[in-house]
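Trainee: One structure coming up, written as structure tokens, with questions to follow.
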Amino acid sequence: KLVLANLKILSGGLFSHSSNRLGAELEISNDLIIDSGGSINLNGRGYPNDQGPGKGGSYFISGWGYIGGGGGYGGLGGYTSYTSGGSAYGNIKEPYDLGSGGGSPYGGKGGGAVILRSTGTILINGTISADGTGTTYRQGGGSGGSIYINAGKIEGNGLISVNGGTGGSDGGGGGAGRIAIYYGENNFTGIISAY
């Protein structure tokens, strides 16, 4: 947990956390500002391939190799005719779980997790993302992670995203992650995406 009076992420600036570790928690007593071009980027910082409570299934076919289902979290992972997608899990009201990896030894990684608390304003003109990573040829994509925001006021025209990663040509796509936003006043006009 990181406690600050104010935090401003400038254009080109990046905040993240280590891969496959419990996510990040920021408590800001005044304002958090993410300028256009700045980001809190947790893409692929969750569970690696074949790991996590919603990991995608994996199946080996002689002469073909592995086929993987997508990782699940906020939604089910995509399935294939050979293997299942990962299951949904976690808390819908206070999400803080990492996204799960896609199935097969080369599947995608899940998204990370962040909690943002501010008694002042959270201004998002840049990006907050915890997307799962995509993969190639028959592998499963990783699921999105978690973004949990609690602010006195939320503003901006940026992007908040927990999308699942794309699967390969015969693999399943990753399920979306989870987003929860609590506020006293909402003036956010940007995009909130969980696909």
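The values are calculated or read from the model by the stated rules, or taken from the named source; none is laboratory data. Keep in mind it's a predicted model, so treat the numbers as computed, not measured. FYI the Cβ positions are ideal-geometry reconstructions off the backbone, even for glycines, and counts take in every protein chain you see. Ligands, DNA and RNA are stripped out before the accessible areas are found, and what is left, the full protein with its side chains, is counted by its heavy atoms. Shrake-Rupley method; radii C 1.70, N 1.55, O 1.52, S 1.80 Å.
Trainee: Contact list please: Cβ distance under 6 Å, first residue in region 4-28 and of a type in the set (Lys, Arg), second residue surrounded by 12 or more Cβ atoms within 10 Å (Cβ to Cβ), pairs at least six apart or on different chains.
Mentor: Cβ pairs passing all conditions: Lys8/Ile33.
Trainee: Take region 143-173 and flag every residue that is over 30 Å from Asp31 (Cα atoms), touching a Lys or Arg at 6+ places or on another chain (Cβ under 6 Å) and open to solvent by less than 30 Å² (accessible area, probe 1.4 Å).
Mentor: Result: Gly168, Gly171.
Trainee: Separate question: Restricting to region 166-188, give me the number of residues that are closer than 15 Å to Gly112 by Cα and assigned to a strand (DSSP E or B).
Mentor: 3
Trainee: What number of residues within region 19-57 are among the basic types (Lys, Arg) and either within 12 Å of the chain's Cα centre (by Cα) or on the phi > 0 side of the Ramachandran plot (or both)?
Mentor: Total satisfying the criteria: 1.
Trainee: Where residues in region 49-60 are assigned to a loop (DSSP other than H, G, I, E, B) and open to solvent by 70 Å² or more (accessible area, probe 1.4 Å), which of them is farthest from Gly141 (Cα to Cα)?
Mentor: If we take residues in region 49-60 being assigned to a loop (DSSP other than H, G, I, E, B) and open to solvent by 70 Å² or more (accessible area, probe 1.4 Å), then Pro53 is farthest from Gly141 (Cα to Cα).
Trainee: Determine whether region 119-134 contains at least one residue that is farther than 15 Å from Leu42 by Cβ and either open to solvent by less than 10 Å² (accessible area, probe 1.4 Å) or touching a Pro at 6+ places or on another chain (Cβ under 8 Å) (or both).
Mentor: Within region 119-134, one or more residues are farther than 15 Å from Leu42 by Cβ and either open to solvent by less than 10 Å² (accessible area, probe 1.4 Å) or touching a Pro at 6+ places or on another chain (Cβ under 8 Å) (or both).
Trainee: Testing Tyr137 on (1) in contact with a Phe, Trp or Tyr (Cβ under 9 Å, 6 or more places away or on another chain); (2) more than 20 Å from Ser19 (Cα to Cα); (3) part of a strand (DSSP E or B); (4) not hydrophobic (A, V, I, L, M, F, W, C), one condition comes back false. Which one is that?
Mentor: (3)
Trainee: What do you reckon, is Gly12 at pLDDT 95 or above, under 19 Å from Ala113 (Cα atoms), out of contact with any Pro (no Cβ under 6 Å at 6 or more places or on another chain) and part of a loop (DSSP other than H, G, I, E, B)?
Mentor: Criteria not met by Gly12.
Trainee: Looking at region 1-11 only, could you name the residues that are more than 26 Å from Gly110 (Cβ to Cβ) and either open to solvent by less than 70 Å² (accessible area, probe 1.4 Å) or of a type in the set (A, V, I, L, M, F, W, C) (or both)?
Mentor: Val3, Leu4, Ala5, Leu10, listed by residue number.
Trainee: Which of the residues belonging to region 24-41 are open to solvent by 20 Å² or more (accessible area, probe 1.4 Å) and not in a strand (DSSP E or B)?
Mentor: Scanning region 24-41 gives Ser29, Asn30, Asp31, Asp35, Ser36, Gly37.
Trainee: Restricted to region 61-91, and to residues that are at pLDDT below 95 and in contact with a strand residue (DSSP E or B) (Cβ under 8 Å, 6 or more places away or on another chain), which residue is surrounded by the most Cβ atoms within 10 Å (Cβ to Cβ)?
Mentor: Ranking the candidates gives Ile67 first.
Trainee: Now for a different question. Being part of a loop (DSSP other than H, G, I, E, B), farther than 29 Å from Asn186 by Cα and open to solvent by 70 Å² or more (accessible area, probe 1.4 Å) narrows it down to one residue among Arg45, Arg21; which is it?
Mentor: Step by step, each of Arg45, Arg21 is checked, and only Arg21 is part of a loop (DSSP other than H, G, I, E, B), farther than 29 Å from Asn186 by Cα and open to solvent by 70 Å² or more (accessible area, probe 1.4 Å).
Trainee: Another question about this same structure. State which residue pairs qualify: first residue in contact (Cβ under 8 Å) with a residue 24 or more places away in the chain and inside region 51-76, second residue among the aromatic types (Phe, Trp, Tyr) and assigned to a strand (DSSP E or B) in any location, beta carbons under 6 Å apart, and separation of 6 or more residues or different chains.
Mentor: Ser58/Tyr66; Tyr66/Phe60; Ile67/Tyr59
Trainee: When you check Ser118 against the structure, is it part of a loop (DSSP other than H, G, I, E, B) and in contact (Cβ under 8 Å) with a residue 12 or more places away in the chain, yes or no?
Mentor: Answer is no for this residue.
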